[in-house]
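Student: The structure's right below; bear with me while I get my questions together.
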Amino acid sequence: MIKVLLADDQPLVRAGLAMLLSAEPDIEIVAEADDGRAAVEKAVALRPDVVLMDVRMPGMDGVEATTAILAADTAGEVRVLILTTYHVGEAVYAALRAGASGFLLKDAAPDELVAAIRAVAAGEAWLDPAVARGLLNEFAARPDWHRRTGAELGQLTARETEVLILIAHGLSNMEIADHCVIGEATVKTHVSRIMMKLGLRDRSQAVVVAYQSGLVQPGASPPAGARPPAP
């Protein structure tokens, strides 16, 4: 069962989300919060699997709340999925830097919201396509977007670099396993090592690093074709 905390300052929005998600057999709404501070308190007390977090809230906003929740979650068990009416802005970058596992627009289809919660709970990253396009365009337009050095990425093996590229293209662990002709458990090991070596919390931060470093270029296609695993 995926335990979800809803954080939104609009009662009607929370009620609608709660009704929608409660109909899913594998999702349980464990609490609701009407501002960021309440979201932090309830997340620390209840340790939900996913916090569905609105960006714009009075007092402590969603970005500040995300930072506080993930800082308190030393075990790395809580995931934050940002729900926003805004496509791309500084809030997107701030929340990703804070460790949010994904972004979804409030006009997304209900089945997309459910899929996003399941993906984030499973440790995957989720970026709404509209958010992802804007994010990549912003990276391409920023003169300082190449921030990670070759030395940092040089810590990765060839296979880990390949896996990082595929993560940045949005492939799941299963899809990466198929692409590289390796087991899904092996992919998980590579992903864990990437996170550890680069000091990352989750896949959304790995996506940001891949684009910031120039390892993946906006608009580029995923590497073509599967091949036998490296020795």
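Student: Check the straight Cα-Cα distances from residue 197 and name the lysines below 17 Å, setting aside those fewer than 8 residues away within the same chain.
Tutor: Straight-line reach from residue 197, under 17 Å: 188.
Student: What distance in nm separates the two pseudo spin-label positions at residue 157 and residue 175, each 7 Å out from Cα along the beta-carbon direction?
Tutor: That separation, rounded to one decimal, is 2.4 nm.
Student: While we're looking at this one, here's another question. Students often check this: by mean Cβ neighbours within 10 Å, which of 209-215, 76-82 ranks highest, and how do the rest follow? Spell out each step's value before the answer.
Tutor: Working: 209-215: 18.9, 76-82: 22.4.
Answer by packing, highest mean first, reads 76-82, 209-215.
Student: I would also like to ask the following. Contact order normalised by length for the range 2-139, with contacts defined as Cα pairs under 8 Å and 6 or more residues apart; what percent is it?
Tutor: Values: 247 pairs, mean separation 28.1, N = 138.
Reported relative contact order: 20 percent.
Student: At a 10 angstrom cut-off on C-beta neighbours, averaged per residue, how do the peptides 113-119, 33-39 rank from highest to lowest? Before the final figure, lay out the partial values.
Tutor: Details: 113-119: 19.6, 33-39: 21.6.
Highest-to-lowest ranking by the protection proxy: 33-39, 113-119.
Student: What lysines sit close enough to residue 42 to cross-link, taking a C-alpha to C-alpha distance under 25 Å and skipping anything fewer than 8 places away on the same chain?
Tutor: 3, 106
Student: Distance between Cα centroids, the range 185-201 to the range 96-111: provide it in whole Å.
Tutor: Cα centres, the range 185-201 to the range 96-111: 22 Å.
Student: Can you run phi through the Karplus equation (6.51, -1.76, 1.60; θ = phi - 60°) for the range 169-182 and list ³J(HN,Hα) in whole Hz, with x for Gly and Pro?
Tutor: Listing the rounded values in order: 8, x, 6, 7, 4, 5, 5, 5, 4, 5, 5, 8, 6, 9 Hz.
Rule-based calculations on the coordinates, nothing more; no lab input. Predicted, not measured: the structure shown is a model, and the values here were computed from it. With ideal geometry, Cβ positions are generated from the backbone for all residues, glycine too; neighbour counts draw on all protein chains shown.
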